[in-house]
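The values are calculated or read from the model by the stated rules, or taken from the named source; none is laboratory data. All figures in this text were calculated on a predicted structure; none of them were measured in a lab. Ideal geometry is used to build each Cβ from the backbone, glycine not excepted, and the neighbour counts take in all protein chains shown. In case anyone asks, the SASA skips ligands and DNA or RNA and just uses the protein heavy atoms, side chains included. Shrake-Rupley method; radii C 1.70, N 1.55, O 1.52, S 1.80 Å.
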Amino acid sequence: MADTMTEETAAPAEESPQADKMVIIAASGDLDKAWPTLILATTGAAYGMDVTVFFTFWGLGILKRPEVGLTGEDWRQRMLAVFHQAGPHKLGLSKLHFAGAGPKIMKGLAEDKGVASVQELLDLAQEMGVKLWPCQMTMDLMGLAREHLIDGLDEPAGAGSAISLMRDAEISLFI
Amino acid sequence: MADTMTEETAAPAEESPQADKMVIIAASGDLDKAWPTLILATTGAAYGMDVTVFFTFWGLGILKRPEVGLTGEDWRQRMLAVFHQAGPHKLGLSKLHFAGAGPKIMKGLAEDKGVASVQELLDLAQEMGVKLWPCQMTMDLMGLAREHLIDGLDEPAGAGSAISLMRDAEISLFI
Amino acid sequence: MADTMTEETAAPAEESPQADKMVIIAASGDLDKAWPTLILATTGAAYGMDVTVFFTFWGLGILKRPEVGLTGEDWRQRMLAVFHQAGPHKLGLSKLHFAGAGPKIMKGLAEDKGVASVQELLDLAQEMGVKLWPCQMTMDLMGLAREHLIDGLDEPAGAGSAISLMRDAEISLFI
């Protein structure tokens, strides 16, 4: 799925003065969704697109600082955090989780096959100028503050900003 | 994720004589998918877009009348209904369901944080003129008749209608 | 959800010299995702659209030859294959799987209601000229070779090709 990683037969990128836009709404915190999200985002950027990823609901987990423990001031928020371990190194799979064995297998395979990790893809996305927007409403809902999230993100935004962007985008995806 | 609910930094809406279109295919009956679906739909409408949500497969559960019991003439349809409790008040989470504790926590948090419930968002969507289309084929498949679904919906439609609409839409999402 | 299967109220198709394009990224191997993917793809083709489905991650399972056993040279790849039984006849449901009882019920209902099976929809898609692209990177990751997949597919491709296509497409969906 990634040109940033494999030989590719695609047409070469054409940078235009007003770059084409891609917007991805990342609402899942699963490893098998984080991967396509970030592979599409970085590949789009490599093809000269102006890419924004809007992280909402469980997708915020992808942006959580690894060293942050249970977040939230409310026991209910902390309980959601207990069961939804997050951060780029801790994502689970939507299938075959097996108490963590599935993700370990998948990550080991990815490493052997030269596929970038979620952390590497996040770093790459930031280097390539992919805009990473955390969703303000779900941050509030889950008790996540700005300092619980990794550095280099854009300002938290709302659904209206995402919609304004998608309206003018050539590609909009909900993952 | 919602401007209808939170302070917002987005560009102001521009109503055009021929409004921009947004189409969402709602194929999941999970609370954590129903929320973004309806938040995006109502926010799009608030921004002057012409919004249609096409409910298919498990997504039909969002439209089920709360008082309707097990639906279907066939034991298999009723069995799907047993395990797929639905209606705007009964949606589960795709993660952390815990026999209903997860959704209860999430809904409690949403209420405290001033986030609208699925029922409120459905009501709001209807008031704002969002078109809600149930999918005829999956209604037949699951043994759901028009009277099992909430009032105020548009006529049941098929994939062809959804495709005709998406072809001319500025934003098309599958959630 | 399908006009290829049910009476339909949609506007008639208009073939243009340069057909409108639809691209679907099929990243899930669940029966309840394979169905909408292939119903939308075949309906789009019936409406005169130029349709491409890009199968990646678990979505590759939809294309797996039924007679192929555990695939992969690595024990980890074979283990993923054990737990992710695939091929058009073996897809599970994202909900209500119940060790296979859910899919059996769903498939039985579909047959009674005249809804095409995944295998029939795949055959139909190929007849209608829908392009089916397996994702090279995830084939490598999962140890799937071209001969493990059904006949009639297009050449394996990467994310860059999918992005180039979506950039010019009227409809792009991630399912």
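So for the range A:42-53 (the condition being modelled with pLDDT of 85 or more, farther than 27 Å from B:F174 by Cα and out of contact with any Lys or Arg (no Cβ under 6 Å at 6 or more places or on another chain)), does at least one residue qualify? Let's see the steps before the verdict.
Kept after step one, since they are modelled with pLDDT of 85 or more, are these residues of the range A:42-53: A:42-53.
Cutting the leftovers down to farther than 27 Å from B:F174 by Cα gives us none.
No.
Could you tell me whether B:P103 is within 12 Å of chain C (Cβ to nearest Cβ) and not polar (S, T, N, Q)?
Working: within 12 Å of chain C (Cβ to nearest Cβ): no; not polar (S, T, N, Q): yes.
Considered against the rule, which asks whether it is within 12 Å of chain C (Cβ to nearest Cβ) and not polar (S, T, N, Q), B:P103 comes out as no.
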- Message: The conditions are (1) out of contact with any Pro (no Cβ under 8 Å at 6 or more places or on another chain); (2) surrounded by fewer than 20 Cβ atoms within 10 Å (Cβ to Cβ), and A:Q119 fails exactly one of them. Which is it?
- Response: (1)
- Query: Somewhere in the range B:29-41, is a residue within 13 Å of the chain's Cα centre (by Cα), more than 22 Å from B:E170 (Cα to Cα) and either modelled with pLDDT of 90 or more or part of a helix (DSSP H, G or I) (or both)?
  - Reply: yes
- Conditions (1) within 11 Å of chain A (Cβ to nearest Cβ); (2) farther than 14 Å from C:I39 by Cβ; (3) in contact with a helix residue (DSSP H, G or I) (Cβ under 9 Å, 6 or more places away or on another chain); number of the one not met by C:A169: (3)
- Query: How many residues, within the range C:106-136, are more than 19 Å from C:A41 (Cβ to Cβ), touching a residue at least 24 places away in the same chain (Cβ under 8 Å) and within 14 Å of chain A (Cβ to nearest Cβ)?
  - Reply: 0
- Per the list (1) closer than 17 Å to B:I39 by Cβ; (2) surrounded by 22 or more Cβ atoms within 10 Å (Cβ to Cβ), residue check on A:D140 breaks on (2)
- Within the range C:76-94, identify whether any single residue is modelled with pLDDT of 95 or more and of a type outside the set (A, V, I, L, M), and answer yes or no. no
- Item | Which numbered condition C:P156 fails, given (1) under 16 Å from A:T43 (Cβ atoms); (2) facing another protein chain (nearest Cβ under 7 Å) | (2)
- Message: Report every pair of residues separated by at least 6 positions or lying on different chains whose Cβ atoms are under 9 Å apart, first residue within the range C:153-167 and over 12 Å from A:L173 (Cβ atoms) and among the basic types (K, R), second open to solvent by less than 20 Å² (accessible area, probe 1.4 Å) and not in a strand (DSSP E or B).
- Response: C:R167/A:G44; C:R167/A:M49
- Query: Can you tell me how many residues in the range B:159-173 are within 20 Å of B:Y47 (Cα to Cα) and open to solvent by less than 30 Å² (accessible area, probe 1.4 Å)?
  - Reply: 5
